[in-house]
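What follows is calculated from the coordinates using simple rules that are stated; it is not laboratory data. Only a predicted model underlies this, so the values are computations on that prediction, with no experimental measurement involved. We place every Cβ from the backbone using ideal geometry, glycine too, and count neighbours over all the protein chains shown.
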Amino acid sequence: MFVVHAKGNSMLPKIKDGDLCVFERYLGGSREGEIVLSQVNEYYEEYGGKYTIKKFHSEKTVNEEGVEVHSKIELQPLNKDGFQTIEIPEDNEAKIATIGVLKYIIC
């Protein structure tokens, strides 16, 4: 586990600016509906930083080989007042990395 100092208000009311967030390293598996720490290499200029704490949402389809693949990935703010969802095109999935999954918050 590791601790991250939250910056900003995009995850209000759950995470406030300055909160200490305890994450468990992401080693694989479903992230649907989880609050995650993600590295967003390609999108950092548009969204204000290389790392972001957001709610993970994805939709999946089955490809021609019968393998389940992401058709849509979103990193969603809880606070919709002035904050946008980061939409990751399916062909750019490799340009984001989930670093950790939120376990608890130290206020």
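Some notes on this structure:
- In the structure shown, the pairs 80/103; 14/72; 7/54; 14/54 are assessed against 19 Å; a Cα-Cα span above that value is assigned to 80/103; 14/72.
- Taking label points 7 Å from Cα along the Cα-to-Cβ direction, residue 59 and residue 1 give a separation of 3.6 nm.
- Under the simplified labelling scheme, the residue 85-residue 97 pair shows an inter-label distance of 2.6 nm, with each label point 7 Å from Cα along Cα→Cβ.
- Size of charge dipole - the chain - debye, nearest 20, with Cβ of Lys, Arg +1 and Asp, Glu -1, no other charges: 660 debye
- Largest-first principal axis extents of the Cα set of the chain (Å): 47, 29, 21
- Charge dipole (the stretch 2-106, unit charges on Cβ, about Cα centre) - positive-most of 66, 6, 98: 6
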